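Before we start, here is the structure in question, set down as structure tokens.
The values are calculated or read from the model by the stated rules, or taken from the named source; none is laboratory data. If you're wondering where the values come from, they're calculated on a predicted model, not measured in any experiment. Backbone-built Cβ (ideal geometry, glycine too); neighbour counts: all protein chains shown. Only protein heavy atoms, including side chains, enter the accessible area calculation; ligands, DNA and RNA are left aside. Shrake-Rupley method; radii C 1.70, N 1.55, O 1.52, S 1.80 Å.
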Amino acid sequence: MVIILPGDAPLSSEELTPQRIVIELDKYIVGQHAAKRAVAIALRNRWRRQQLPPELREEIAPKNIIMIGPTGVGKTEIARRLAKLTRSPFLKIEASKFTEVGYVGRDVESIIRDLTELGVKLIREEKAEAIRAQAERNARERLLDLLVPDSRRSGPRPAFMAPGPEDHDPERHSETRQKFAGWLDEGKLDFREIELDVKDQQFPSFEIISNQGVEDVGINVKDMLPNLFGGRTRRRKVPVSDARQILIAEEAEKLIDQSSVAREAIDRVEQSGIVFLDEIDKIAGREKGGAQGPDVSREGVQRDLLPVVEGTTVNTKYGMVRTDHILFIAAGAFHVSKPSDLIPELQGRFPIRVELDSLTRDDLIRILREPKNALTMQYRELLGTEEVTLTFADDAIAALARFAEEVNQRTENIGARRLHTILERVLDDVSFRATELHGQEVLIDAAYVENALREIIRDEDLSRYVL
């Protein structure tokens with residue numbers, strides 16, 4: 001298996017050591033070294049398990065992780081980047097969305113069904129990329145057939161192409177086709193319109209209510225009745241550039257073995273799927289003074305999670321999916337509750353616990369400067385599309401971090417997410433007047449930041465409302 005790292009040469013799974021994983025995570029996430037080490041070890045253990053004999057391989061279960069820390073410190077981002085690093089099917093879901101089986105609402109097995117859908121999408125994209133060159137060649141030939149139809153075969157002529165002598169002369173038809181092929185490759189025909197038969201994507205949707213709530217219970221009506229829902233086409237007039245993409249997608253679908261997609265997706269989900277279970281602290285324990293009735297969204301959900309996390313088989317529309325080796329990463333702030341408030345059986349399914357640190361002012365400064373996807377870089381690129389050169393002075397970055405820290409201390413601490421709010425407020429005027437500032441350079445310094453935020457910070461009530 002080969003791992004593609006963003007912007008780097010391909011690495012094999014063997015080369016993706018825990019140290020290398022941490023280095024890659026450091027490119028996007030500031031600090032939180034303990035959490036990065038924990039997920040890096042968990043990921044490496046998957047490779048180690050694959051090297052074992054089959055009979056022993058099945059006995060080794062993943063070591064699930066609980067991340068404990070306030071919002072906005074990087075819990076979700078660590079898990080998401082980890083999945084991207086290995087092209088693993090990844091699902092982020094909030095534990096508070098589920099109810100106990102037997103009540104109206106989502107049941108926990110829908111996690112695996114959703115993860116399988118993502119796995120199928122991932123495999124289909126990989127296969128489409130692998131055969132893209134062939135699909136493009138086939139689509140090009142189909143486009144030429146539409147642009148220069150052979151008179152010996154029935155087919156409508158494009159409106160912009162008048163009948164000519166080549167209609168009855170194979171040699172002249174071949175010359176005309178070659179000429180159009182050159183124009184097509186050069187993009188000279190992109191804005192010409194042609195008529196194209198396109199599959200009708202509209203079909204009725206069905207919502208099935210069962211004793212497990214409102215769920216997709218594995219019945220795909222569109223696949224069962226293809227002639228009714230998926231076999232119809234309608235004629236559309238589209239530019240050649242759009243027709244090319246439509247035909248490439250159709251040709252790719254023909255070249256891909258859909259049954260192998262399902263098989264590979266199930267295997268990828270079972271062996272390398274990652275589920276990020278957020279807000280697990282919301283289902284820990286009971287609220288004080290709560291109702292005496294059944295607690296269907298707390299202990300009930302925990303009990304239902306047990307078999308899924310420990311290992312069970314879930315029925316999906318692509319087949320049965322085993323959850324024995326899916327990695328579960330749970331996360332929560334645990335301000336009110338503690339991990340020990342979870343029922344003992346569930347605690348045992350998450351043996352690794354790691355605490356994430358609250359962000360300091362220095363961390364916020366680093367977040368604004370260092371990651372590949374740093375906020376300052378994002379805003380520079382966004383305004384660069386309007387040919388506005390945005391420059392952040394060092395004192396401006398320090399001021400932004402200071403204001404974010406102050407607001408986090410005075411109101412709710414939402415970590416690095418506060419930087420989004422602060423920056424939007426500071427750059428509000430520049431973003432609004434970007435078209436007027438075309439071709440100019442805008443310097444954001446500490447004075448600019450102070451001026452943009454002074455009145456808001458001074459008024460604590462307004463600060464709570466706006467920032």
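Let me confirm something: among Lys63, Lys36, Lys92, Lys84, which residue is part of a loop (DSSP other than H, G, I, E, B), basic (Lys, Arg) and either touching a residue at least 24 places away in the same chain (Cβ under 8 Å) or open to solvent by less than 50 Å² (accessible area, probe 1.4 Å) (or both)? Step through it out loud before you land on a result.
On the way: Lys36 fails: part of a loop (DSSP other than H, G, I, E, B); Lys92 fails: part of a loop (DSSP other than H, G, I, E, B); Lys84 fails: part of a loop (DSSP other than H, G, I, E, B).
Result: Lys63 is the single residue among Lys63, Lys36, Lys92, Lys84 that is part of a loop (DSSP other than H, G, I, E, B), basic (Lys, Arg) and either touching a residue at least 24 places away in the same chain (Cβ under 8 Å) or open to solvent by less than 50 Å² (accessible area, probe 1.4 Å) (or both).
To keep it simple, each residue is scored yes or no on (1) farther than 26 Å from Trp47 by Cα; (2) of a type in the set (A, V, I, L, M); (3) open to solvent by 70 Å² or more (accessible area, probe 1.4 Å).
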| position | (1), (2), (3) |
| --- | --- |
| His325 | no, no, no |
| His335 | yes, no, yes |
| Ile343 | yes, yes, no |
| Pro351 | no, no, yes |
| Pro371 | yes, no, no |
| Arg380 | yes, no, yes |
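When you check Arg157 against the structure, is it surrounded by fewer than 16 Cβ atoms within 10 Å (Cβ to Cβ) and at pLDDT below 80, yes or no? Explain how you work it out, then say what you get.
Numbers: surrounded by fewer than 16 Cβ atoms within 10 Å (Cβ to Cβ): no; at pLDDT below 80: yes.
It is false that Arg157 is surrounded by fewer than 16 Cβ atoms within 10 Å (Cβ to Cβ) and at pLDDT below 80.
Name the strands (runs of 3 or more DSSP E) wholly inside segment 307-382 in which the number of residues that are under 17 Å from Thr71 (Cβ atoms) is 3 or more. Spell out the reasoning first.
Numbers: elements: 313-316, 319-322, 327-332, 352-355.
Output list reads 327-332.
Now a separate question. For segment 14-30, give me each residue that is in a loop (DSSP other than H, G, I, E, B) and open to solvent by 30 Å² or more (accessible area, probe 1.4 Å).
The answer is Glu14, Glu15, Thr17, Lys27, Tyr28.
Also, quick follow-up: Would segment 47-60 turn up any residue that is within 21 Å of Gly348 (Cβ to Cβ) and not charged (D, E, K, R)?
Applying the first criterion (within 21 Å of Gly348 (Cβ to Cβ)) to segment 47-60 yields 49, 58-60.
Within this subset, residues satisfying the condition of being not charged (D, E, K, R) are 60.
Taking every residue of segment 47-60 in turn, at least one turns out to be within 21 Å of Gly348 (Cβ to Cβ) and not charged (D, E, K, R).
Right, next: If you scan segment 384-394, which residues turn out to be closer than 13 Å to Val426 by Cβ and open to solvent by 10 Å² or more (accessible area, probe 1.4 Å)?
Matches in segment 384-394: Phe392, Ala393.
If you don't mind, there's one more thing I want to ask. Regarding segment 115-125, can at least one residue be identified that is open to solvent by 60 Å² or more (accessible area, probe 1.4 Å), within 15 Å of the chain's Cα centre (by Cα) and hydrophobic (A, V, I, L, M, F, W, C)?
yes
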